[in-house]
Amino acid sequence: MAVSDAIAKNNHLKTDEVIVRDFKIYWPIMLFFALLSCKEKSKRHSASLPRQEEITIIRWSNYGGDLGSAQTLTITKDSITHSNFLAADNNRITVSKYKNTKENWENLINSFKLSDFRKIKDGESVQEVDGADQKIYIETNARSDSIINGYEDKLNYAKISTFVKLLDKILEDNKKYNVNKDIRQVQF
């Protein structure tokens with residue numbers, strides 16, 4: 001019995017040695033695949049996350065009226081461009097362009113929610129009675145949206161009132177600059 005016990009004990013040691021040796025060989029390989037698997041999952045997870053929608057252009061236009069006028073304010077994070085057209089004055093076009101600041105841009109785009117803007121319904125055109133229509137256009141890295149005479153949708157338009165007031169302020173500031181000639185002005 002002692003011989004068979006010794007053989008069994010010796011076989012047991014060999015089995016343990018094989019397990020330890022195999023473990024030492026396969027452990028780095030298993031670790032490599034485990035880490036690779038985690039990395040692939042995180043890539044898939046980050047790829048499935050939607051990219052945050054960012055506003056790239058804001059454009060406000062007012063056009064029509066008995067004198068045939070059109071006024072457009074185009075705002076990006078870098079610049080503000082104001083153009084004025086008046087058909088009753090020999091089709092005179094005035095364009096003013098100046099630099100926008102990061103602070104002004106942030107204040108403007110953070111003054112409303114895109115989801116609120118998108119809920120606003122277009123109003124009826126008033127050009128047929130010598131009125132002027134107002135259009136607000138917003139372009140993002142994903143899509144563009146616009147409203148015409150949205151002020152008629154009082155409930156939803158009220159949600160972007162701070163944004164509209166900031167646009168009005170930019171228009172007023174532009175008029176002051178034009179009077180003082182502090183900005184570059186081009187006439188065609």
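Details
- Extension gain from D168 to T140, taking 0.36 nm per residue of separation minus the Cα-Cα distance: 7.9 nm
- Per-residue HN-Hα couplings for the stretch 142-151 [Karplus 6.51, -1.76, 1.60; θ = phi - 60°; Hz; x = Gly/Pro]: 10, 6, 10, 9, 8, 10, 10, 6, x, 4
- Each residue of the stretch 131-138 was assigned a 3J(HN,Hα) from its phi angle through the Karplus expression (A = 6.51, B = -1.76, C = 1.60, θ = phi - 60°), giving x, 10, 8, 10, 10, 10, 10, 10 Hz with x at Gly and Pro.
- Sorting T56, T101, T72 from the fewest to the most surrounding beta carbons within 10 angstrom yields T101, T56, T72.
- Exposure proxy ranking for Y98, Y157, based on other Cβ atoms within 10 angstrom of each Cβ and starting from the fewest, stands as Y98, Y157.
- Spin-label model distance (nm) - I57 vs E106, 7 Å beyond Cα toward Cβ: 2.5
- With the simple model of a label 7 Å out from the Cα in the direction of the Cβ, E152 to N91 spans 3.1 nm.
- Our summary gives the stretch 55-187 a relative contact order of 27 percent, counting only alpha carbon pairs under 8 angstrom and 6 or more residues apart.
Computed from the coordinates by the stated procedures, all read-outs in this text should not be read as laboratory data. Bear in mind the structure is a predicted one, so any value in this text is a computation, not a measurement. Glycine gets a Cβ as well: all are built from the backbone with ideal geometry, and neighbour counts include every protein chain shown.
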